[in-house]
Structure formats: C-alpha cells, structure tokens
Amino acid sequence: MEHPTRLTNGDPADANEPFGPFEAWFAEARKSEPRDPDAMAIATVGDDGLPNVRMVLLKGWGPAGFVFFTNSESAKGNELARHPKAALVLYWKSLSRQFRARGSIEQVTAKEADDYFHSRARESRIGAWASQQSRPLESREVFEREVAERTQTFGDGPVPRPPHWLGYRLVPLEVEFWTEMPFRLHQRIQFRRAAPGGAWTKRRLYP
Ligand SMILES: Cc1cc2nc3c(=O)[nH]c(=O)nc-3n(C[C@H](O)[C@H](O)[C@H](O)COP(=O)(O)O)c2cc1C
C-alpha cells in the first residue's frame with residue numbers, strides 16, 4: 001500500500017452521529033496536510049440543471065453545518081440564491097480519506113460574517129470590495145487599478161464587510177466518510193437523516 005490505512009482514530013463506523021468523527025478527522029488533517037486542510041469543493045446547480053463546482057475554504061463547522069464565505073453576486077452566489085442546496089467534498093491525501101456532505105444551504109448571521117471578514121488581512125478585505133467575482137474582467141490592469149482606488153478611498157479608515165460578501169452554511173442531510181483500504185476494498189460509512197435536527201441513521205456502502 002502506498003498510503004497507511006487508518007481506521008483507528010475517530011472511526012465513523014463506531015459513531016452514531018457524524019460530527020465527532022469529523023472533528024477527529026479534521027484535527028488529524030490539520031496536523032498532516034502540507035497545506036489547506038480546509039480546502040473543499042462545493043458543488044451547486046444552475047437553472048439548466050448543469051452542476052458547477054469550485055474550491056472554497058471551510059471556515060466553520062459543527063452540528064449546525066459547514067460554513068464558507070463568498071461573494072453572493074458570484075456564479076455560486078446566484079446559483080445558491082435560486083437553488084439553495086449544495087454538496088461538498090474534502091480529500092485529505094495525507095490521510096487517504098474523503099469526506100462528503102449534501103444538504104440545504106442557509107446564510108450565516110451578519111455577525112458571523114462580520115467576525116470572519118474582520119479576521120482577514122486588510123488587503124483581502126479591500127480585495128473583496130474590488131472584485132466583482134465571476135464577472136468578466138477586461139484586463140489584469142483594470143483590476144489592479146480598482147484595487148488601488150479602493151485602497152486610496154479607504155485610506156487609514158475601517159474596511160467594513162461588503163453587503164454582498166456573505167457566509168453560507170451547508171446543513172447536511174447526508175454525509176459520508178471514505179477511508180482508503182488495501183486493494184481498493186475501501187471503507188464507506190454513510191450517515192443520513194430526514195431533516196435537520198433529526199436522528200442520524202448509519203449504513204455501510206460497497207466501495
Ligand atoms: C484552495 C482554494 C480556496 C478557495 N477559497 C475560496 C473561498 O473561501 N471563497 C471564495 O469565494 N472563493 C474561493 N476560492 C476561489 C473559488 O474556487 C472560485 O474561483 C471563486 O469563488 C469563483 O467561483 P464561482 O464563479 O463558481 O462563483 C478558492 C480557490 C481555491 C483553489
């Protein structure tokens with residue numbers, strides 16, 4: 001085997017809900033991934049039914065769900081406004097583990113979004129004002145000029161959160177823990193519930 005097989009720490013097969021094992025897996029990923037253990041793909045769907053997917057950073061999680069931040073006027077923001085459902089996946093190469101979740105999307109509170117926004121570097125906060133995320137950009141120079149103009153406008157003053165910069169929470173109805181095992185006889189443990197707050201049921205899936 002190329003990668004060590006690990007079923008000992010936070011084995012979801014021993015759990016009756018998914019957040020304990022997720023916590024254990026994420027803690028291990030923080031230690032072992034060379035960078036961005038919080039990088040996840042988030043899939044949305046457009047009006048035409050065509051899925052769309054991109055990476056974002058997982059910035060909060062717990063029994064309430066999985067939180068990321070973005071521009072609500074972006075492609076994903078528009079897709080989520082019309083179809084507030086999503087799927088996410090994290091893959092931790094160093095652990096040979098994959099974690100998936102599917103569910104509905106809700107916005108986090110303004111306070112939660114403010115708190116995270118203000119934890120970011122000033123340059124990133126100014127960038128959030130300058131970037132019309134997902135819309136066509138004539139040239140790199142245009143963008144750099146817009147960033148410079150915003151930087152000048154804000155001067156030494158505070159950089160508030162743009163109204164279109166929001167946090168989204170995926171509230172899972174289905175999650176899956178995948179662990180690589182020798183000869184592709186991988187372990188898959190899936191948790192499901194009928195509604196947020198409901199009881200989880202667990203089952204194994206063939207790899
Ligand atoms: C590792 C990684 C992390 C990223 N994190 C974020 C993020 O947290 N929020 C965000 O809006 N875009 C993030 N991006 C950029 C997105 O992948 C994407 O380019 C952008 O959000 C526009 O996507 P959209 O046009 O589908 O809305 C990240 C990209 C990478 C590669």
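Gain in length, residue 59 to residue 17, computed as 0.36 nm per residue apart minus the alpha-carbon separation, to one decimal in nm?
On the way: separation 42, 0.36 × 42 = 15.12 nm, distance 2.10 nm.
Computed gain between residue 59 and residue 17 is 13.0 nm.
Multiplying each eigenvalue of the alpha-carbon gyration tensor of the chain by 5 and taking the square root yields semi-axes of 35, 19, 16 Å, largest first, rounded to whole angstroms. Please sort by residue number the GluC sites (Glu not before Pro) in the range 1-110 whose DSSP state is loop and whose Cβ has at most 12 other Cβ atoms within 10 Å. Within the range 1-110, the qualifying GluC sites (Glu not before Pro) (loop, at most 12 other Cβ atoms within 10 Å) are 2.
Roughly how large, in nm² to one decimal, is the mean projection of the convex hull of the alpha-carbon atoms in the range 79-202? Please list the in-between numbers first.
Details: hull surface 46.3 nm².
The Cα convex hull of the range 79-202, projected and averaged over all directions, gives 11.6 nm².
Within the chain, the whole DSSP H helices whose Cα atoms reach 18 Å or more along their own axis and whose mean Kyte-Doolittle score is at least -0.5 are 19-32.
Let me know the charge dipole size of the chain about its Cα centre in debye, to the nearest 20, where only the beta-carbon of Lys, Arg (+1) and Asp, Glu (-1) is charged. Could the numbers behind the result be given before it?
Numbers: 30 positive and 27 negative charges, 119 e Å.
It comes to approximately 580 debye.
Loop-located GluC sites (Glu not before Pro) across the range 126-207 with a Cβ neighbour count of 16 or fewer within 10 Å are 138, with loop assigned by DSSP. In summary, the lysines within cross-link reach of residue 93, defined as a Cα separation below 23 angstrom excluding same-chain residues under 8 places away, comprise 31, 59.
Residues 151, 201 in ascending order of nearby Cβ atoms (within 10 Å, fewest first): 201, 151.
No lab work stands behind these numbers, since they all come straight from the coordinates. In this text, all values refer to a predicted model and were calculated from it rather than measured experimentally. Neighbour counts are summed over all protein chains in view; Cβ atoms, including those assigned to glycine, are modelled from backbone coordinates with ideal geometry.
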